[in-house]
Amino acid sequence: MTDLTRLSAAETAAAIASKDVSAVEVAQAHLDRIAKVDRQVHAFLHVDAEGALAQAARVDSGELSGPLAGVPLALKDVIVQKGIPTTVGSRILEGWRPPYDATIVTRLKAAGVVVLGKTNMDEFAMGSSTEHSAYGPTHNPWDLSRIPGGSGGGSSAAIASYQAPLAIGTDTGGSIRQPAAVTGTVGVKPTYGGVSRYGLVAFSSSLDQAGPCARTVLDAALLHEVIAGHDPADSTSIPAPVPPVVEAARQADIAGLTVGVVKELSGEGYQPGVEARFAEAVETLTSLGAKVVEVSCPHFGYALPAYYLIAPSEASSNLAKFDSVRYGLRTGDDGVHSLEEVMSLTRAAGFGAEVKRRIILGTYALSSGYYDAYYGQAQKVRSLITRDFTEAFGLADVLVSPAAPTVAFPLGEKLSDPLAMYRQDLATIPSNLYGGPAMSLPCGLSDGLPVGLQIMAPTMRDDLLYRVGAAFEAAVPPPVPPLDWEA
Ligand code: GLN
């Protein structure tokens, strides 16, 4: 019998719909796979076997149907699911069980998608390696001694090691795309406002965006279509039809499109092996019929510093609610300490070093007397970057670059150097500041490790990512991890 964990989501859904296999069998095969390999990968923080099998049974009974009915999925632990522990990778929320479903979860459940469990992540989605999780790092299935990217390393590692064909990630500065790049999978940050943020634990509200992770472009499109669309519960949700992403993935034709290579997203900081694969990818796009032009986005060099003012500023405000009173951890409540002391003891014990660094940075950037010099200035840079995108999209339909500047690095290598960690997002952050959609998909290997190609499109043109991505994938099939560590 074929190994059910090796099928794509589209193949799995078709096999279930035609009753070749039951959804319960598919769910059980993935739960067995998790039991077998996740001790080594550590992609999951919580596995909900009971809930997954119950949902699969609903699909088998005919109660739920749809293009992804019965397909298993791994959910990043920043998204709330009623009754299921949600930690955000932090001790401060350890043991907390949310009383409601995020809109994404509501839509997944209604579509018959089978949520297997919650995936590991950098604490509060702050990081690029999943090493800032309070629950220990996730390992890259391509080489267990290396990072799976971050902050959504658990989601990408889960799909790369066949523990699930689909996953949900969130991308504030690159946390879907950079893990996709270093694990050889597909990750999409939709247009900001394209997928509801209701029920996401907020990091930086003007940048946070949830999106699909998968092993193929079509699978990502199928998932995108299920989770996207207007949600009145999210005030920044866009009240417009979802771009035709599945149709575009099936079209997979880029003849006649103009592809802009962003001059500023190369050179210093980018590994030669990454640049070589990227150059080959551009040649492939040309051979597929695209017109390739070079474009300049002169302010992209300021994206990283602007992001590291805006994101920590918003985080310092969003994380104020973790105060020992409302949710999760409570430390020092012994009748001796005052309430304020309990709050500060709780926050001291519950937040990790990176989260504290961001809160301090953000609080400083927002403080009176510095607000204009830091936060205000960063917002101006954000406008200039948006202008760069608008001008570039006057010259090209989509823009391309490497998705991450390096391949997966060894665990521990950048832990003592926050700036080196931040530089992992050199290429991904501009799209977050602008709000447009962007995808990372595999474009070959360097030193035996995956390299990601990034495609960026104008806001609400998510379909273009899938059209170009699917055409590229047909020409350059995704690499298969060796998984030689498997027992
Ligand atoms: N690595 C970036 C950061 O640490 C982006 C994280 C994200 O997209 N959530 O902020």
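Within straight-line reach of Lys291, meaning a Cα separation under 19 Å, sit the following aspartates and glutamates at least 8 residues removed in sequence or on another chain: Asp253, Glu280, Glu283, Glu391, Asp397, Asp463, Glu473.
At 1.4 Å probe size, with the rest of the protein present, what percent of the exposed accessible area of the chain is carbon and sulfur atoms?
Within the chain, the accessible surface is 55 percent carbon and sulfur.
For the chain, how big is the tail of P(r) above 31 Å, as a whole percent of Cα pairs? Percent of Cα pairs beyond 31 Å in the chain: 38. With K and R counted +1 and D and E -1, the other residues having a Cβ less than 14 Å from that of Arg91 yield a net charge of -2.
Only sites in a loop by DSSP and with at most 13 other Cβ atoms within 10 Å count here; which chymotrypsin sites (Phe, Trp or Tyr not before Pro) in the range 182-271 make the cut? Qualifying residues, ordered by number: none. Taking every alpha-carbon pair in the range 148-213 and binning the separations at 10 Å intervals from zero gives 26, 54, 20, 0 percent. For the range 1-43, the Cα-based Rg and Dmax, in that order, read 11.3, 35 Å. Counting only the Cα atoms, the range 1-98 fills a convex hull of 107 Å³ per residue. Cα to Cα, under 19 Å, and not fewer than 8 places away if on the same chain: which aspartates and glutamates meet these conditions relative to Lys82? Reachable aspartates and glutamates: Asp48, Glu50, Glu94, Asp101, Asp231, Asp234.
The Rg/Rh ratio of the range 286-334, with Rg taken over Cα atoms and Rh as the Kirkwood radius over Cα pairs, comes to 1.43. Note on Lys36: lysines with a C-alpha under 18 Å away, same-chain residues under 8 apart excluded, are Lys118. When only Cα pairs below 8 angstrom with a gap of at least 6 residues are kept, the range 185-237 shows a relative contact order of 47 percent. All distinct Cα pairs of the range 36-158 go into the 1/r average, and the inverse of that average, the Kirkwood radius, is 14.6 Å. Ranked by the mean number of other Cβ atoms within 10 Å of their residues, highest first, the peptides 207-216, 415-424 come out as 207-216, 415-424. If you take all other residues with their beta carbon under 9 Å from the beta carbon of Gly260, and give Lys and Arg +1 and Asp and Glu -1, the sum is -2. Working note: Cα gyration tensor of the range 167-258, eigenvalues times five, square-rooted, sorted largest first, giving semi-axes of 22, 17, 11 Å. Per the Kirkwood formula applied to alpha carbons, the range 86-130 shows a radius of gyration over Rh ratio, Rg over Rh, of 1.03. For the range 234-313, the Cα-based Rg and Dmax, in that order, read 17.2, 45 Å. Pair-distance distribution P(r) for the range 96-224, from all Cα-Cα distances in 10 Å bins starting at 0: 14, 48, 34, 4 percent. Among the listed pairs Lys189/Lys414; Lys76/Lys189; Lys76/Lys380; Lys263/Lys414, those with a Cα-Cα distance over 23 Å are Lys189/Lys414; Lys76/Lys380; Lys263/Lys414.
The protection proxy used here, the mean number of other Cβ atoms lying within 10 Å of each residue, ranks peptides 69-81, 380-392, 146-158, 364-376 as follows, highest first: 146-158, 69-81, 380-392, 364-376. Surface analysis of the chain yields an accessible area of 35 Å² per residue, using protein heavy atoms and a 1.4 Å probe. Per q in 0.17, 0.24 Å⁻¹, report the Debye log10 I(q)/I(0) for the range 387-487, using one uniform scatterer on each alpha carbon and no solvent. Calculated log10 I(q)/I(0) at the listed q: -0.88, -1.25. In the range 113-161, the inverse of the mean reciprocal separation of distinct Cα atoms equals 10.5 Å; this is its Kirkwood hydrodynamic radius.
How big is the shadow of the Cα convex hull of the range 315-399, averaged over all directions, in nm²? The partial results should precede the final answer.
On the way: hull surface 33.4 nm².
Mean orientational projected area (the range 315-399, Cα hull): 8.4 nm².
The values are calculated or read from the model by the stated rules, or taken from the named source; none is laboratory data. Worth saying up front: this structure is predicted, and the values here are computed from it rather than measured. All Cβ positions, even for glycine, are placed from backbone atoms using ideal geometry, and neighbour counts span all protein chains on display. These area figures cover heavy atoms from the full protein model, side chains too; ligands, DNA and RNA do not enter into them. Shrake-Rupley method; radii C 1.70, N 1.55, O 1.52, S 1.80 Å.
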